[in-house]
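Read through the structure below, which is laid out as structure tokens, and then see the notes.
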Amino acid sequence: MTETAPTEATEPTPLRLTVSATGETIDVRSARLIVAGYTGRDADAVAAHIAELAEIGVPAPPTVPAFYDLDPALVTTDPVISVAGPDSSGEVEPVVIRHQGRHFLGVGSDHTDRELEKTTIAGSKAACPKPLGGRVVELPADLASFDWDAVVATSEVDGEPYQRGLLAALRTPADVLGRLADALPDTAGDLVLFGGTLPLLTGRFVFGREWALQLRLADGTVLDHAYTTKRRSG
């Protein structure tokens with residue numbers, strides 16, 4: 001089961017991404033944007049997180065993992081994004097991009113309207129752009145051979161540490177893509193998949209302005225992205 005956000009789809013601007021190590025440039029015109037949530041491997045920890053969110057008014061997801069089918073035009077590599085209100089926050093996420101049969105890994109942020117999240121999770125995700133770093137690494141054809149568990153993910157907000165941990169805490173790309181194929185039809189083509197995130201160091205959302213994201217791979221490659229938020233006028 002998936003939850004679909006009530007948005008009007010628009011033609012997305014192609015994402016121009018650079019492949020690390022080779023310098024190849026790819027223009028991704030994704031047919032789908034999927035944000036995966038509650039992708040932790042530890043089922044008890046995921047259940048505890050859902051309970052914590054319930055205490056602040058966030059409803060439980062329809063399935064675990066959950067998949068939110070959003071407008072691809074929300075994905076952006078721009079360094080500034082517009083948000084509607086003061087109560088929004090981001091987080092570091094591994095992002096799997098499938099383009100013409102190849103898979104790439106990038107770093108992004110599922111920036112979310114936390115006030116709206118209390119009434120509609122899908123709507124809260126659709127309310128904000130989804131920042132994505134412009135540099136990616138190509139994943140091997142055998143996704144299971146990539147050393148996912150050794151990748152270190154970190155984020156900062158307004159210069160303060162916000163998240164830090166290994167992607168070993170999250171389901172692997174092969175796992176999430178397989179579950180996505182079972183849950184949602186027509187996802188075999190090009191797509192951008194935000195793969196979930198790690199716990200917050202403080203356990204509390206921070207509604208900051210400046211966000212810095214990083215994935216450090218086992219071979220030392222660093223994927224990073226920084227962005228700031230601004231309030232929409234009107």
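The values are calculated or read from the model by the stated rules, or taken from the named source; none is laboratory data. If you're wondering where the values come from, they're calculated on a predicted model, not measured in any experiment. Note: ideal-geometry Cβ built from the backbone for every residue, glycine included; neighbour counts use all protein chains shown.
Quick look at the values:
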| read-out | value |
| --- | --- |
| Any hit, the range 111-118, residues being β-branched (Val, Ile, Thr) and free of Cβ contacts under 8 Å to residues at least 40 places away in the same chain | yes |
| From the options 186, 182, 190, residue that is in contact (Cβ under 8 Å) with a residue 24 or more places away in the chain, among the acidic types (Asp, Glu) and surrounded by fewer than 17 Cβ atoms within 10 Å (Cβ to Cβ) | 186 |
| Residue that is nearest to the chain's Cα centre (by Cα), among those in the range 95-126 that are within 16 Å of residue 73 (Cα to Cα) and of a type in the set (A, V, I, L, M) | 95 |
| Extreme residue, surrounded by the fewest Cβ atoms within 10 Å (Cβ to Cβ), among residues of the range 93-103 that are farther than 20 Å from residue 224 by Cα and in contact (Cβ under 8 Å) with a residue 24 or more places away in the chain | 100 |
| Candidate set: the range 135-156, residues that are without any contact (Cβ under 8 Å) to a residue 40 or more places away in the chain and among the acidic types (Asp, Glu); chosen: the one surrounded by the most Cβ atoms within 10 Å (Cβ to Cβ) | 149 |
| Inter-residue pairs, beta-carbon under 8 Å, first on the phi > 0 side of the Ramachandran plot and at pLDDT below 95 and in the range 212-224, second part of a strand (DSSP E or B) and surrounded by 14 or more Cβ atoms within 10 Å (Cβ to Cβ), 6+ apart | none |
| Exclusive hit being surrounded by 21 or more Cβ atoms within 10 Å (Cβ to Cβ), modelled with pLDDT of 90 or more, over 21 Å from residue 208 (Cβ atoms) and not charged (D, E, K, R), set 90, 106 | 106 |
| Candidate set: the range 115-134, residues that are surrounded by fewer than 19 Cβ atoms within 10 Å (Cβ to Cβ) and out of contact with any helix residue (DSSP H, G or I) (no Cβ under 6 Å at 6 or more places or on another chain); chosen: the one nearest to residue 177 (Cα to Cα) | 134 |
